[in-house]
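Notes for the one structure printed next.
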Amino acid sequence: MAATLAEVFESLSESYTTREENARTKLAKCLTDSGQGVDTSLIRTAMDAAADAVPYRRVLEYAEKAGVRVALTDVRKDLTRQLLTRSAGSSTCQIRNEAARMEVEAAQRFLQNTDNLLDHFEDAPREETAEQAEAEAEPAPAPVDVPTATPAQKRTLEAIRDNGVAIQELRVGQRRVTVERGERPRRDMVEWVVGQGWAKQAATSLYDGQAATLTDIGEAILAR
C-alpha cells in the first residue's frame, strides 16, 4: 500500500521527537545524580533536540484538528515569516542567545526537510480529522504511485541501503556524512531523500552519528 502524506510526515517526525525524548531523559538523569557534575554537553544536546522537534510537534498537534496538509502548510508559512522578521539574539544571557540560534537553524532544517512534501502528495485526497472520521465514513485514500528518482537519487538510496550511511555533527552547525564501507554520498543528497520521506535518520545523538535507513518508499523506488 502506498504511503500517505500523514504516514510519511509521522515517519519523518518520529526520529526528531524520539531524539528529543532521549536527550531530555539523559539530561534529567544527569541532573538528579548528585554524585556527578552536570554534563553541559547534555544540556546543549537537549536544547538542540528540543529545537528540532518543536516544528514537528506543532504540526502533529494541529493536524489532529485540521489534518496534516493544512497543519504543515500553516506551520511552514509561520516559520518562513519568523525567519524573515526575526533578529539575532541580543540577550545578555548567552544561553538564551544560543537557544535562539538553535531555533532559527531548526526552523531552516524543518523547511528544508519538508520542502516538496506537499507537492509530492498534491493529488492525494483531502485528509480527514479524527472528528470527521467519527462523523461519517469516507472512501479510503487513493494510492500514491512510487515516485520516479534520478540516477543520482538512486545512487544515494543505494548507498544508504548498502554502505552504512550516517549523519554526524562533531561541532554545532557542521554536519557531515560518514559511511562504514563503499562510496560516501553527498550530504545534501542524503538530507534531500530524508526530507522526501524516502529515508529516515535514527533517533540517536548527532555527535555519535544518526544512521540513515530506507523507508518503504525508498525500498520501492529501488525495487522498480
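The values are calculated or read from the model by the stated rules, or taken from the named source; none is laboratory data. Remember, it's a predicted structure, so these values are computed and weren't measured experimentally. Here Cβ is always computed from backbone atoms with ideal geometry, including for glycine, and neighbour counts include all displayed protein chains. Note: accessible area is taken over every heavy atom of the protein model, side chains too, but ligands, DNA and RNA are not part of it. Shrake-Rupley method; radii C 1.70, N 1.55, O 1.52, S 1.80 Å.
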Here, GluC sites (Glu not before Pro) of region 143-188 satisfying both criteria (DSSP loop; at most 13 other Cβ within 10 Å) are 180, 183
Relative contact order for region 1-51 using alpha-carbon pairs under 8 Å, separation at least 6, rounded to a whole percent?
39 percent
10 Å binning of all Cα-Cα separations within the chain, expressed as whole percents from 0 upward:
7, 29, 33, 21, 8, 1
Please give the per residue accessible area of the chain, computed with a probe of 1.4 Å over protein heavy atoms only, in Å².
59 Å²
Which of 68, 114, 207, positive extreme of dipole for the chain (C-beta unit charges)
207
What percent does the relative contact order of region 154-224 come to when contacts are Cα pairs within less than 8 Å and at least six residues apart?
36 percent
On the accessible surface of the chain, probed at 1.4 Å with all protein chains in place, carbon and sulfur together account for a percent value of 49 percent
